[in-house]
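Single-structure report; data block below.
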Amino acid sequence: MKTSNMFSLCRSHLQSAAFLLLCTALAAPAVFAQDFWEPGKHAVEVLNSCTTPLPNNWPVNVTYPRGESGPFPLIAMFNGMECQASWYTDIINHVASWGYVIVQYTTDFGFPLNPFGGGEREEVQYLAPLLRWLEKEPKLAGKIDFANKAVMGHSRGGKLAALHYANRTNNFKTAVLIDPVDCSSFAMGPSHPSAIAALAGKPANCGILPLPPYGHGNLPAAIIGAGIVWMCNPGGSNAEAFNKAVSVQSLYVTVKGAGHMTFTKPPEESSFWSIINRSCWGGTIASEVAISEARTMAVAWLESKFRPSQETTNRLARYKQHLSDLTGEGVLTFNWPEGGALPGSSLPEAPAGAAAGRREEL
Ligand SMILES: *[C@@H]1O[C@H](CO)[C@@H](O)[C@H](O)[C@H]1NC(C)=O
Ligand SMILES: *[C@@H]1O[C@H](CO)[C@@H](O)[C@H](O)[C@H]1NC(C)=O
Ligand SMILES: *[C@@H]1O[C@H](CO)[C@@H](O)[C@H](O)[C@H]1NC(C)=O
């Protein structure tokens, strides 16, 4: 993406008076989905808007199943810091094809790092106006089931997702966290609440690093993390630390060869993305692998929460087998939720070495 686009995603559209763009994305998949890693039965389309209730009209993108169908559960998806909504397209389209409406927004460049800004303490307040806006948007009428909502997020977006999930007034049913990152040395103090503390039920601001151990809270989540831990996903604030704060009934996958940015892919050559990728220490596997595991986990988890059924149970059993196979191949490790929290748990546990050999502590 060209640098100019980064700074003025919306302004250029405003100038061309195209306030609301409705674009068709994927063609309908031919076969109904059998497994969570296959596309769902819905073709999807995207509503792009530049007149939004967010600061400076931050662009909002809503991806949803096309046609008369619905209503569908709502997933609020939060991008990583400085990351564009489009970098998650392969994840978003897949999840939406399974019958979910996904809303994303892209902040102004540099937003969360502004030392005079309100940080996540302020940003969590942007959710309520965004939900009201979604309720009123005519193009989405009848599409969204507002009683069934979940959050999803990558990196700092995982932190925002977790803060919203832990906030019970929001009534989010669950969370999907993709290499989430909580406190870091440049985001400390009262404007930066700790998501790990919030998940553990012990709200606190980002204070000293590494964070103190808060223990497990009672909120289950699905977490997928990068096996390569570097400055963008530092130990103590990363997926592994989130996994210690969610309930033991959570799903936790680590993709061994993934770096922090391996879960993202810009739609076209992007020097901006490349700089972030390099500073985060790229990863040793193709992003397609990490992205496929992230979106498969997201669908598996969301279906288990929103559409439990015998078919979902069968698919979960096959998903667990898939994770076991990839563990055997050395691609990933996983912890299946304890206590039969997920249907499909009757399959044998992953080999003991898998859990034990997770990531070394930093
Ligand atoms: C999101 O909306 C903005 C503003 O209309 C647009 O520039 C951008 O391409 C959209 N992104 C996606 C992934 O559709
Ligand atoms: C919880 O959510 C409500 C509504 O969005 C918001 O006003 C409140 O500040 C949030 N509380 C925290 C601790 O994030
Ligand atoms: C991402 O960064 C790593 C270096 O950290 C590099 O090896 C890899 O090729 C980069 N990926 C892409 C797609 O540019």
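Data overview
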| quantity | calculated |
| --- | --- |
| Point-charge dipole on Cβ atoms (K/R +1, D/E -1) for the chain, about Cα centre, debye to 20 | 560 debye |
| Mean ellipticity per residue at 222 nm, deg cm²/dmol - from DSSP H runs of n ≥ 4 across the chain, formula -39500 (n - 2.57) | -8500 deg cm²/dmol |
| Among Val46, Thr284, Val255 the positive-end extreme of the charge dipole of the chain (Cβ point charges) | Val46 |
| DSSP-assigned coil residues among chymotrypsin sites (Phe, Trp or Tyr not before Pro) in region 142-219, each with at most 13 further Cβ atoms within 10 Å | Phe186 |
| For the chain, share of DSSP beta bridges that run antiparallel, in % to the nearest 5 | 45 percent |
| Estimated dipole of region 218-324 in Debye, rounded to 20 [Cβ of Lys and Arg +1, of Asp and Glu -1, Cα centre] | 280 debye |
| For region 115-196, accessible area per residue (1.4 Å probe, heavy atoms of protein chains only), Å² | 38 Å² |
| Of all accessible heavy-atom area on region 147-281, the percent that carbon and sulfur account for (1.4 Å) | 60 percent |
| Portion, in percent, of the accessible area of region 295-338 that falls on carbon or sulfur, probe 1.4 Å | 44 percent |
| Local electrostatic count, Leu134, Cβ distance below 15 Å [Lys/Arg +1, Asp/Glu -1] | +2 |
| Nearest-20 debye value, region 133-271 charge dipole, Cβ charges on Lys, Arg, Asp, Glu | 320 debye |
| Vicinal HN-Hα couplings computed from phi for region 100-115 (Karplus, 6.51 cos²θ - 1.76 cosθ + 1.60; Hz; Gly/Pro x) | 9, 9, 10, 10, 10, 9, 10, 6, 4, 4, x, 3, x, 8, 4, x |
| Whole-number accessible area per residue in Å² for region 31-82, which is evaluated in the context of all protein chains at 1.4 Å | 36 Å² |
| Total formal charge among the other residues, if their Cβ is under 14 angstrom from that of Pro112, Lys/Arg +1 and Asp/Glu -1 | -3 |
| Additional length obtainable on full extension of the chain from Asn205 to Glu338, 0.36 nm per residue less Cα span | 44.9 nm |
| Rounded accessible area per residue of region 232-272, 1.4 Å, Å² | 29 Å² |
| Prolate/oblate/rounded call for region 107-149, Cα gyration tensor, a/c under 1.5 rounded | prolate |
| Charge-dipole axis of the chain as Lys and Arg at +1 and Asp and Glu at -1 on Cβ define it, positive-most pick from Leu130, Pro266, Asn93 | Leu130 |
| Within region 141-220, percent of DSSP bridges classed antiparallel, to nearest 5 | 35 percent |
| Karplus 3J(HN,Hα) series, Hz, for region 204-215 with 6.51 cos²θ - 1.76 cosθ + 1.60 (x for Gly, Pro) | 7, 7, 5, x, 6, 10, x, 4, x, x, 9, x |
| Span from the region 319-344 Cα centroid across to the region 62-128 one, whole angstrom | 27 Å |
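The values are calculated or read from the model by the stated rules, or taken from the named source; none is laboratory data. The model shown is predicted, which means the values in this text are computed figures rather than measured ones. Every residue, glycine among them, receives a Cβ derived from its backbone with ideal geometry; neighbour counts consider all protein chains shown. Accessible surface is based on the protein model in full, side chains and every heavy atom, while ligands, DNA and RNA are left aside. Shrake-Rupley method; radii C 1.70, N 1.55, O 1.52, S 1.80 Å.
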